[in-house]
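Notes follow once the structure below has been shown.
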Amino acid sequence: MRKLRSKLLVITLIITALPLLIFGVVLFESQRSEMESQLEGSLFSLSNNLSLTMESVLSERMNDLDMMTMNPVLQDENAEPSDIRNELEQMVDAESLYMGIVYIDTNGDIVTSTRDEVIGKNVSDRVWYQKAREGNPTLEEAFIDPILKQPIIPLAGPVENDAGNVMAVISPSINENALWEVLWQRLNKMGEHERFSGQAFVVNNEGEYIAYPNSGYVLEESFLEEQGMEENSIEELIAGKEDQLIEHGNDVSVVTPVENVGSLANEWYVGYTVPKSGFYANLRQLVYSYLFVFSIVLIITVFAVFKLSKYIVHPVERLAEATSRFAIGKKVFPLQTNAYEEVDVLTKTFNHMSEQLEERERGHRQSTMILETTDNGVIAVSRDFTNITTFNAMCEKLFGIDRKEALGHSVQQVMEKSEDFRMFAREIEAHRLNDMQLEMKEIEAPINGKKRTFLVNMTILPPMDARESSEGIVLIFNDITEKKDMENELVRSEKLKMVGQLSAGFAHEIRNPLTTIKGFVQLFRQSAKKEKDIQHYDLVLNEIDRMNSIVEDLLGLARPTSSGDEDGIQVNSLLEELLELYSQQAVKNKTFIYTNFDDLPEIIGDRKKLSQVFVNLIKNGLEAMPEGGVLRVETSMHWTEEPYYEVKIKDTGSGMSEEQLQKIGNPFYTTKSNGTGLGLMTVFQIVEDFKGTLEVDSAPGNGTEFNVRLPAHLAGETMSSDSQNAN
């Protein structure tokens with residue numbers, strides 16, 4: 001594994017570091033070119049904005065000049081020099097760019113000015129004066145004024161009288177320091193100078209500074225000479241270099257021409273110079289960033305390789321270990337599929353395989369548990385009955401033979417070992433059909449010397465493998481002897497009920513005439529005088545009493561009697577058995593039986609008497625729905641101060657009226673055409689014997705509900721005392 005990890009380290013470093021280096025170089029060159037273009041564009045944009053600013057400033061000054069020449073005081077030929085000076089001073093105060101204004105007459109003499117040292121001087125030889133004297137407003141080249149001994153930028157404009165004749169010339173002077181401050185304010189507004197930390201300036205075509213942060217440079221220094229450039233003019237310098245930087249020494253500059261305003265003899269240019277160190281600072285920062293990122297990535301890569309080797313090798317080791325454990329039968333938990341795809345495929349396959357095997361084993365255990373705990377007997381054999389493959393616990397208990405003596409043996413061999421199994425197998429063979437299918441059918445076989453009834457179903461099992469040619473047979477049977485006995489008991493009870501009905505009818509018809517006869521015989525006896533006649537009447541009365549006793553016996557056939565047997569009764573189980581007996585009748589009547597049983601403790605009492613109660617109620621409910629419906633049977637336990645059971649039996653029949661509800665339970669009252677009125681009377685009597693209550697809730701069209709409540713803690717007492725009374 002160490003060798004594999006070493007190889008992974010070397011290979012991963014090569015395939016990671018080399019492409020990363022190439023990618024970094026290409027990306028750096030791309031970004032460097034893009035960044036230089038952006039920086040150059042920013043410088044050119046800055047220079048263009050400064051150029052527009054300068055054009056705007058000069059144009060505004062020319063407009064100011066026009067406004068000054070139209071001043072009414074200046075146009076007044078009779079105005080006093082002091083008045084004119086006041087106007088000129090107001091103009092200087094209104095605009096900080098002006099360092100002074102002079103008022104010149106037609107002879108070229110300065111009549112008045114905002115500065116006293118120039119008053120009386122003659123400027124008739126100045127070009128700007130001559131142009132203005134001829135009626136042309138002008139902006140001239142900057143020059144060092146011999147009087148003021150400092151650089152100025154002159155403006156000159158004619159002042160005309162009402163007749164339109166030039167009567168004077170007005171000349172404002174622009175301060176070059178104030179002009180540079182205007183440019184600097186513009187830079188502050190744009191914020192670009194903070195990015196480049198350079199210097200703005202204005203030069204003429206010969207390269208002489210017109211506006212510069214250091215006022216000593218104006219008209220004294222040349223941009224071209226200062227940078228050691230061989231070109232004779234700025235025009236030659238920028239010729240063919242559009243959108244390109246001017247690199248000179250340690251600086252980078254860009255210059256932009258200013259649109260000619262006024263009558264300038266030379267072009268003006270606005271420029272901006274930045275140190276190369278500042279201009280390329282971002283590029284150096286980019287280089288440092290790439291070196292830092294590359295170093296971090298390289299360190300991370302080395303660290304990641306060790307993790308990667310573990311990531312690659314560990315899942316393989318884990319899968320190998322799990323396979324080894326599974327191979328020797330140890331418990332293996334599902335492996336996580338969080339590795340790379342190939343191992344994940346193997347892991348998923350392994351997990352799926354182990355889950356299938358465990359699920360198959362779990363299903364086998366569950367099937368075995370079901371087979372062992374079910375009340376049904378299950379036997380599986382080969383189709384030719386030569387080999388028994390399944391023999392569950394119920395079969396062991398029923399036939400008295402251990403499964404070890406049955407599994408793997410033929411049916412004939414097991415028949416020889418168990419007489420009970422032999423009798424059972426003969427009955428199965430006798431009822432088996434030609435197509436090997438035995439539908440649900442009842443058979444009887446003697447088991448342990450007692451005849452028992454079984455409900456048997458035989459099914460042919462399909463082959464589990466296409467390569468198998470033989471099919472198995474599974475035999476499922478259920479001992480329904482007790483249910484059959486109960487069903488027979490129910491039939492017998494019905495017969496007794498019919499006899500009771502007939503007896504009650506005869507007794508009722510006989511009892512009334514006997515009462516009448518007895519009454520008249522008693523009257524005759526009282527009027528008899530002869531002893532012999534009295535003896536005869538006594539004899540007749542005795543015979544009448546004997547006949548009444550016989551009538552009482554006949555009526556007793558319709559009354560519930562206790563069998564004297566007390567045992568534990570599971571009410572839910574009792575109801576299930578009774579409902580099973582009436583299930584066929586329910587199906588025949590298209591009636592659905594719904595049950596909802598609560599967990600109930602066992603009750604001690606006479607099972608047959610309690611069965612008679614539920615039989616009557618269930619039968620009445622089914623008979624109340626000849627066209628079909630729903631019969632609901634529900635049980636619940638109420639743990640109050642006096643706990644009691646509650647059994648509700650409700651049908652969806654036609655229901656009963658209030659008058660019928662009042663009469664229900666009366667002897668011989670019935671709503672049936674063939675009823676005797678003794679059934680519900682018996683139910684009420686039994687419930688009363690149990691010290692319980694029977695409530696009936698019904699309404700026409702809403703069906704009928706019988707609610708039987710039996711006290712839980714008195715049930716045993718009640719049945720015991722009743723049993724003693726019966727004895």
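The values are calculated or read from the model by the stated rules, or taken from the named source; none is laboratory data. Given the structure is predicted, the values throughout are model-derived calculations rather than measurements. Positions of Cβ are generated from backbone atoms using ideal geometry, with glycine treated the same way; all protein chains shown enter the neighbour counts. Quick note on the areas: whole protein, heavy atoms, side chains included, nothing else; ligands and nucleic acids left out. Shrake-Rupley method; radii C 1.70, N 1.55, O 1.52, S 1.80 Å.
The number of residues in the stretch 576-619 that are touching a residue at least 60 places away in the same chain (Cβ under 8 Å), out of contact with any Phe, Trp or Tyr (no Cβ under 6 Å at 6 or more places or on another chain) and among the aliphatic types (A, V, I, L, M) comes to 6. Can you pull out every residue in the stretch 202-237 that is farther than 19 Å from A142 by Cα and buried (at least 18 other Cβ atoms within 10 Å of the Cβ)? Of everything in the stretch 202-237, just one residue is farther than 19 Å from A142 by Cα and buried (at least 18 other Cβ atoms within 10 Å of the Cβ), namely L237.
Do you know which of the residues in the stretch 197-214 that are in a loop (DSSP other than H, G, I, E, B) and polar (S, T, N, Q) is farthest from E267 (Cα to Cα)? Here the answer is S197. For the stretch 391-420, the candidate set comprises residues that are among the β-branched types (V, I, T) and assigned to a helix (DSSP H, G or I); within that set, the residue that is least open to solvent (accessible area, probe 1.4 Å) is V414. For the stretch 612-638, a residue qualifies if it is of a type in the set (S, T, Y) and open to solvent by less than 20 Å² (accessible area, probe 1.4 Å), and exactly one does: T635.
Between E55, E77, the distinction of being in contact (Cβ under 8 Å) with a residue 12 or more places away in the chain and over 25 Å from I210 (Cα atoms) belongs to E77 only. Restricting attention to the stretch 358-371 and to residues that are of a type in the set (A, V, I, L, M, F, W, C) and modelled with pLDDT of 75 or more, the residue that is surrounded by the fewest Cβ atoms within 10 Å (Cβ to Cβ) turns out to be M369.
Can you name every residue in the stretch 71-81 that is open to solvent by less than 70 Å² (accessible area, probe 1.4 Å) and part of a helix (DSSP H, G or I)? Across the stretch 71-81, the qualifying residues are V73, L74, Q75, P81.
For every residue, the table says whether it meets (1) at pLDDT 80 or above; (2) open to solvent by 70 Å² or more (accessible area, probe 1.4 Å); (3) in a helix (DSSP H, G or I); (4) not charged (D, E, K, R).
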{"position": "L21", "(1), (2), (3), (4)": "no, yes, yes, yes"}
{"position": "G24", "(1), (2), (3), (4)": "no, no, yes, yes"}
{"position": "M35", "(1), (2), (3), (4)": "no, no, yes, yes"}
{"position": "T53", "(1), (2), (3), (4)": "yes, no, yes, yes"}
{"position": "R61", "(1), (2), (3), (4)": "yes, no, yes, no"}
{"position": "M67", "(1), (2), (3), (4)": "yes, yes, yes, yes"}
{"position": "I84", "(1), (2), (3), (4)": "yes, no, yes, yes"}
{"position": "E87", "(1), (2), (3), (4)": "yes, no, yes, no"}
{"position": "V92", "(1), (2), (3), (4)": "yes, no, yes, yes"}
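Looking at the stretch 641-678, which of the residues that are touching a His at 6+ places or on another chain (Cβ under 9 Å) and open to solvent by less than 20 Å² (accessible area, probe 1.4 Å) is modelled with the highest pLDDT? Going through the qualifying residues, I end up with E646. Within the stretch 372-390, the presence of a residue that is in contact with a Pro (Cβ under 8 Å, 6 or more places away or on another chain), at pLDDT below 85 and either among the aromatic types (F, W, Y) or assigned to a helix (DSSP H, G or I) (or both) is excluded. Does L631 meet the test of being of a type outside the set (D, E, K, R), in contact with a Ser or Thr (Cβ under 9 Å, 6 or more places away or on another chain) and not in a strand (DSSP E or B)? The answer is no for L631. Taking every residue in the stretch 394-414 that is modelled with pLDDT under 85 and pairing it with any residue that is of a type in the set (S, T, Y) and open to solvent by 70 Å² or more (accessible area, probe 1.4 Å), at least 6 positions away or on another chain, the pairs with Cβ-Cβ distances below 6 Å are S410/T386.
Reported count of residues in the stretch 377-412, each being of a type in the set (D, E) and out of contact with any helix residue (DSSP H, G or I) (no Cβ under 7 Å at 6 or more places or on another chain), is 1. For Y98, the conditions (1) more than 47 Å from the chain's Cα centre (by Cα); (2) modelled with pLDDT under 80; (3) of a type in the set (F, W, Y) all hold with the exception of (2).
Has the stretch 117-139 got any residue that is within 30 Å of N250 (Cβ to Cβ) and aromatic (F, W, Y)? Checked the stretch 117-139: no residue is within 30 Å of N250 (Cβ to Cβ) and aromatic (F, W, Y).
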